[in-house]
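Structure first, commentary second.
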Amino acid sequence: MKLILKNGFVYDPINGINGERMDICIQDGKIVEDVENGRIIDCSGKLIMPGGVEIHSHIAGGKVNTGRIMRPEDHIKNVFPKTGVTRAANGYSTPSTFLTGYLYSKLGYTCAFTAAMPPLMARHTHEELHDIPMLDKGALTLMGNNWFVMRYLKRGDVELAAAFAAWLLRAAKGYAIKVVNPGGGEAWGWGRDVRSLDDPVPHFDITPREIISGLVKVNEMLSLPHSIHLHANNLGRVGNYVTTLETMELADGAKPARERQTVQLTHVQFHSYGGDSWRTFASEAESIAKAVNSKDNVIVDIGQVVFGDTTTMTADGPMEYYLSSLTGLKWSNRNIELETSPGVTPFIYSKHSPVSSVQWAVGLELALHIKDPFNVLLTTDHPNGAPFFKYPTIIAWLMSAKYREETMKEVHRAAQRNTTLATIDREYDFYEIATVTRAGQAKSLGLEEKGHLGPGADADVAVYDINPEEVDPGRDYRLIEEKFARTSYTIKSGEVLVKDGEIVRVVNGRTLYVDAQVDESLERELMRDLDYYFKRFYSVNLANYPVQEVYLTNPTPIKVETGVR
Amino acid sequence: MRYTDVICSFCGTLCDDIEVVVEDNRIVDVKHACRIGTAKFLSSNELEHRLLKPMVRKNGKLVETSLDEALDRAAGILKSAIKPLLYGWSSTSCEAQSAGIELAEELGGVIDATVTVCHGPSVLAVHDAGYPGCTLGEVKNRADLVIYWGSNPMHGHPRHLSRYSIFPRGYFRERGQSDRELVVVDVRKTDTAKIANRFIKVNYGEDYELISALRKVVNGGELREESVAGVPRKEIIELAEKMMNCQFGVLFFGMGLTQSYGRHRNIDNAICLVRDLNVHTKFVMQPMRGHYNVVGFSEVLGWQAGFPYAVDFGRGFAWYNPGETTANDVLQRGECDAALVIASDPVSHFPRKSVEHLAKIPLVAIDIHPTPTTQIADVVIPSAIAGIEVEGTAYRMDSVPLRLRKIKEPPEGVLSDEEIMRRLLARVRGAESGVQELEVRAR
Ligand code: SF4
Ligand SMILES: [Zn+2]
């Protein structure tokens, strides 16, 4: 299929293209310099960006489905009957797999990574990813409370830890190393938590600090495409910004093996709180932003809050329990042997609540105080801060001080008093929006063929019905909100999937996973240990643990030469 | 040929350490499985007890026919129905379930599984209160207090005790059984109760009261009654203290709790008890799911349609209302005008009124062997055994997903449930359908 997207305003930060009017040519699923006899799509007066890349969103797997099953009330909202093209679909904060694919596609996204896959449950995650159409996809793989990781790092055997991480990514068909409340997940096996970087993990005699620095080393030894993806300790706690600042220092533990950060601190909005009680709860976004601005090896994604009803879900079991004990709402939990301990509980972000209002402001402060948009990626930590389909609202807030001011009037005055948001007049332009929604994500993930529109890139493109010469986003924020919610065209691998905001074609994307190999003798040593441990402590046999490729749609291994021995 | 690490597709314990020897497409040896698991493996040899040929009812009698004719007839029945019911699903693979859900959606029918008659109440309670659980390896490594309530695993899940809960050595329970305590709560002294450190006999139908009394003690209240639900005050306080003082406690519960008086209210209360206990220590719970992939059905329906069972696609989208959309209610109101039953035998297990309606309407039955349900069916399609003759996915009772293996060939001409569903779907859609099918999940 050949296509020419004619005469649109192109925003492609990776290639330094800032609103130039030009043609984008597509052939065989790739962007090319030039194409003959291509079908022409007239994009004059429209805005063109690379397909959106989602870097952190809970869209597939055990805890997402626990959320769905626990909350039937979430699935009588947002209901879409089946059509000639699409399946019946429903769900608001925990959309069904089909709806997840459709909604992302309508927003102009073409690729998404699910945020937290427990390896033992990886087959489930992949079964769901299999049923998410429209997107290329991958899974961040949980390792921060893994017994093998903790044991190897404790005895200083970073090589074996690296061999294990490589094996685990292959076995779980994962893409990157995810760390969630390091040590706290294991402590939750006894109903406990860790509350600082130096709190020892019960029975494992290792600290969160050692786990994080160890995994940073492992990640760079393996030269993985993405950095470690870190959900720090003390999420959601009053005064947690201190832990967050300390955690950032750990990014210095290794030189990046690729052109990217060594740590992505995720949903950092939930980690930027000051004060010493819920009453004095305040923003420390400025301190966090300052630290990010001064470091070149840490980036963050926001985890923005949008007001409304949602479902929180993380691999941070103690946090979910704590949250449900504050709200009294229903609570699910599943400790997963040797690996992690996810939890799920509903939450309502209310404009009347001082805490919610401050949280809302903190996310925006971070995005506006951090100077380089490549260092602050747009997420809602779907569905923790809000469902991902609220992105257009957040984009509008980022582009319009006036819109923020309007919202500020509606929320609790704590947002005004305890944050700096009202004092910021910075407004994002389209170039910066393109950075925080796709280019930055692709760079962070090491996806060389995504997030940009240069020749050789995947032909994943979003066309929005916005004329940047006529629209003033600062004033026309409603229009921005509306137009970013429905593309004129979403094109993936050169195929038109959405036209005028409607799905016209359903496809299965690729599943990306990392295939990193280490030295054979190291691998043998590892397998001996795994064999011993699985027999005794897992409830499944080693042979039944790895996920078979049949579960993946269009399996796409990313080969990595590691040289680890 | 010797196969190791084979998964037993019988009960929700889903043991994955079975060794099977196959010679000339016959299973000649089974190691590590329990009695019922072994019987399931061996039964695949006994072709005289299997369904081998498709059948359709002609002049009141089931007669053998070609697969194509059987599929055509089945598709015709389903397609001409206004509201077909698609029921069963717990003893087949997720791949078959997935295709079945797509079929139900295409037909605008109702889909429901045996969840509806076993742990349906547990699911309703989860809607109310959530579900604090864990994987079974956590129990093995950590649990020092194990409670079975209204469940007799010695009979229903024979290897549950030895693989996960009481007998195995775990990382923090190096001495196995002697590092743990087993408590059984039941209305009678079951075989599991006989090996327990403590057996608590609860009055029939009074589980709710006993749970409430335990909650009262756990939450610091004073228990004034001499006894509750037939259990003396002293014993209740002792048990509550045991629960609060253990390091890692687990409550396994069975149909004794879900299907007795109080039903989902019992489970709701039990969830609250476990939640209360988490203020003091670590406590989790786990329903003892029966059929090997009953959990898988709720998972697949959950991610595809948003609900765990009893979904009506009549409106073009998923509608869920247990009590209205549950199989027995749909049957007893006489609302469905055709049915497809797969891997299940409702004629033996459903209430009479439901069966009467089932007998009145056109019925398609898909199974591995003849049952009272296949006997009254209008179309019978034999299928292969998932986990022995075909591959697929199943979810253990704690939602750990495993890949079922194929260790021998199915009888000639016999297809997998998934393939049967796919072929029905293609026939129902017809050639003129404009729907672009997602990649077929044939794996
Ligand atoms: S306990 Fe259940 S799964 Fe295990 S061998 Fe027996 S029947 Fe099979
Ligand atoms: Zn997250």
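Could we say that B:Ile407 is touching a residue at least 40 places away in the same chain (Cβ under 8 Å), over 16 Å from B:Gly296 (Cα atoms), more than 12 Å from every other protein chain (Cβ to nearest Cβ) and not in a loop (DSSP other than H, G, I, E, B) here? So B:Ile407 fails the test. Scan region B:2-19 for residues that are part of a loop (DSSP other than H, G, I, E, B) and either at pLDDT below 95 or open to solvent by less than 20 Å² (accessible area, probe 1.4 Å) (or both) and the total you get is 8. For region A:254-269, name all the residues that are in contact with a Ser or Thr (Cβ under 9 Å, 6 or more places away or on another chain) and open to solvent by 40 Å² or more (accessible area, probe 1.4 Å). A:Lys255, A:Pro256, A:Ala257, A:Arg258 - these are the residues of region A:254-269 that are in contact with a Ser or Thr (Cβ under 9 Å, 6 or more places away or on another chain) and open to solvent by 40 Å² or more (accessible area, probe 1.4 Å).
The strands (runs of 3 or more DSSP E) falling completely within region A:2-72 that include 2 or more residues that are surrounded by fewer than 24 Cβ atoms within 10 Å (Cβ to Cβ) map to A:2-12, A:17-27, A:30-32, A:39-42. If you go through region A:118-148 and keep only what is away from every other protein chain (no Cβ under 12 Å) and within 25 Å of A:Lys443 (Cα to Cα), you end up with A:Leu135, A:Asp136, A:Lys137, A:Gly138, A:Ala139, A:Leu140, A:Thr141, A:Leu142, A:Met143, A:Gly144.
Restricted to region A:303-321, and to residues there that are surrounded by fewer than 24 Cβ atoms within 10 Å (Cβ to Cβ) and not in a helix (DSSP H, G or I), the residue that is farthest from ligand 1 (Cβ to nearest atom) is A:Phe307. The residue that is farthest from A:Ala122 (Cα to Cα), among those in region A:484-516 that are β-branched (Val, Ile, Thr) and in contact with a Leu (Cβ under 6 Å, 6 or more places away or on another chain), is A:Thr490. In summary, helices (runs of 4 or more DSSP H) completely within region A:124-200 and bearing 3 or more residues that are over 20 Å from A:Thr66 (Cβ atoms) occur at A:147-154, A:158-172.
Does region A:58-75 contain any residue that is within 14 Å of chain B (Cβ to nearest Cβ), in contact (Cβ under 8 Å) with a residue 40 or more places away in the chain, under 20 Å from A:Ser488 (Cβ atoms) and among the hydroxyl-bearing types (Ser, Thr, Tyr)?
Scanning region A:58-75 turns up no residue that is within 14 Å of chain B (Cβ to nearest Cβ), in contact (Cβ under 8 Å) with a residue 40 or more places away in the chain, under 20 Å from A:Ser488 (Cβ atoms) and among the hydroxyl-bearing types (Ser, Thr, Tyr).
Among the residues of region B:99-151, the one identified as free of Cβ contacts under 8 Å to residues at least 40 places away in the same chain and basic (Lys, Arg) is B:Lys140.
Table: residues versus (1) in a loop (DSSP other than H, G, I, E, B); (2) under 25 Å from the mean Cα position of the chain (by Cα); (3) of a type outside the set (A, V, I, L, M, F, W, C).
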| position | (1), (2), (3) |
| --- | --- |
| A:Gly385 | yes, yes, yes |
| A:Trp397 | no, yes, no |
| A:Lys402 | no, no, yes |
| A:Lys409 | no, no, yes |
| A:Gln416 | no, no, yes |
| A:Ala422 | no, no, no |
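Taking the listed residues B:Gly262, B:Gly249, B:Gly316, the one that is more than 30 Å from A:Met121 (Cα to Cα), within 14 Å of chain A (Cβ to nearest Cβ) and touching a residue at least 24 places away in the same chain (Cβ under 8 Å) is B:Gly316, with no other qualifying.
For region B:285-304, a residue qualifies if it is in contact (Cβ under 8 Å) with a residue 12 or more places away in the chain, within 19 Å of B:Tyr131 (Cβ to Cβ) and facing chain A (nearest Cβ under 7 Å), and the qualifying residues are B:Ser298, B:Glu299.
Candidates in region A:323-345 are the residues that are within 16 Å of ligand 2 (Cβ to nearest atom) and closer than 30 Å to A:Met408 by Cβ; of these, the one that is farthest from the other protein chains (Cβ to nearest Cβ) is A:Leu323.
Could you say which residue among A:Ala89, A:Ala161 is open to solvent by less than 10 Å² (accessible area, probe 1.4 Å), within 14 Å of another protein chain (Cβ to nearest Cβ) and away from ligand 2 (no atom under 16 Å from the Cβ)?
Matching residue, one of A:Ala89, A:Ala161: A:Ala89.
Comparison of B:Val63, B:Val22, B:Val56, B:Val30 shows that the only residue that is in the same structural domain as B:Leu402 (by TED's automatic domain parsing), part of a strand (DSSP E or B), open to solvent by less than 30 Å² (accessible area, probe 1.4 Å) and not acidic (Asp, Glu) is B:Val56. Take the residues in region B:121-164 that are within 13 Å of chain A (Cβ to nearest Cβ), away from ligand 1 (no atom under 12 Å from the Cβ) and among the small types (Gly, Ala, Ser), then tell me which one is surrounded by the fewest Cβ atoms within 10 Å (Cβ to Cβ). The residue in question is B:Ala129. Once region A:465-490 is narrowed to residues that are within 17 Å of A:Leu3 (Cα to Cα) and not in a loop (DSSP other than H, G, I, E, B), the residue that is most open to solvent (accessible area, probe 1.4 Å) is A:Tyr489. Take A:Ser324 and decide whether it is touching a residue at least 12 places away in the same chain (Cβ under 8 Å), more than 16 Å from ligand 1 (Cβ to nearest atom), buried (at least 24 other Cβ atoms within 10 Å of the Cβ) and under 27 Å from A:Leu120 (Cα atoms). Spelling it out, A:Ser324 is indeed touching a residue at least 12 places away in the same chain (Cβ under 8 Å), more than 16 Å from ligand 1 (Cβ to nearest atom), buried (at least 24 other Cβ atoms within 10 Å of the Cβ) and under 27 Å from A:Leu120 (Cα atoms).
Restricting attention to region A:496-518, which residues are modelled with pLDDT under 95 and either open to solvent by less than 10 Å² (accessible area, probe 1.4 Å) or over 26 Å from the mean Cα position of the chain (by Cα) (or both)?
Listed by number, the list holds a single entry, A:Val518.
Apart from one condition, A:Tyr391 fits all of (1) more than 24 Å from A:Ile558 (Cα to Cα); (2) open to solvent by 30 Å² or more (accessible area, probe 1.4 Å); the exception is (2).
Annotation: of all residues in region B:324-342 being open to solvent by 20 Å² or more (accessible area, probe 1.4 Å) and not basic (Lys, Arg), the one that is farthest from B:Ala74 (Cα to Cα) is B:Glu324. Taking the conditions (1) within 7 Å of ligand 1 (Cβ to nearest atom); (2) within 11 Å of chain A (Cβ to nearest Cβ) in turn, B:Gly37 satisfies each one other than (2). Only residues that are in contact with a Pro (Cβ under 7 Å, 6 or more places away or on another chain), crowded, with 21+ Cβ neighbours inside 10 Å and farther than 23 Å from B:Asp398 by Cβ were counted across region B:288-319, and they come to 1. Taking the listed residues A:Ser294, A:Ser283, the one that is modelled with pLDDT of 95 or more and buried (at least 22 other Cβ atoms within 10 Å of the Cβ) is A:Ser283, with no other qualifying.
No other residue among B:Leu67, B:Leu42 is more than 16 Å from ligand 1 (Cβ to nearest atom) and more than 12 Å from chain A (Cβ to nearest Cβ) apart from B:Leu67.
Considering A:Ser521, A:Ser493, which residue is hydroxyl-bearing (Ser, Thr, Tyr) and surrounded by fewer than 17 Cβ atoms within 10 Å (Cβ to Cβ)?
After applying the criteria, what remains is A:Ser521.
The values are calculated or read from the model by the stated rules, or taken from the named source; none is laboratory data. What you see is a predicted model; the values in this text were computed from it and never measured. Cβ: placed from backbone, ideal geometry, glycine included. Neighbour counts: every protein chain shown. Accessible surface areas use protein heavy atoms only, side chains included; no ligands, DNA or RNA. Shrake-Rupley method; radii C 1.70, N 1.55, O 1.52, S 1.80 Å.
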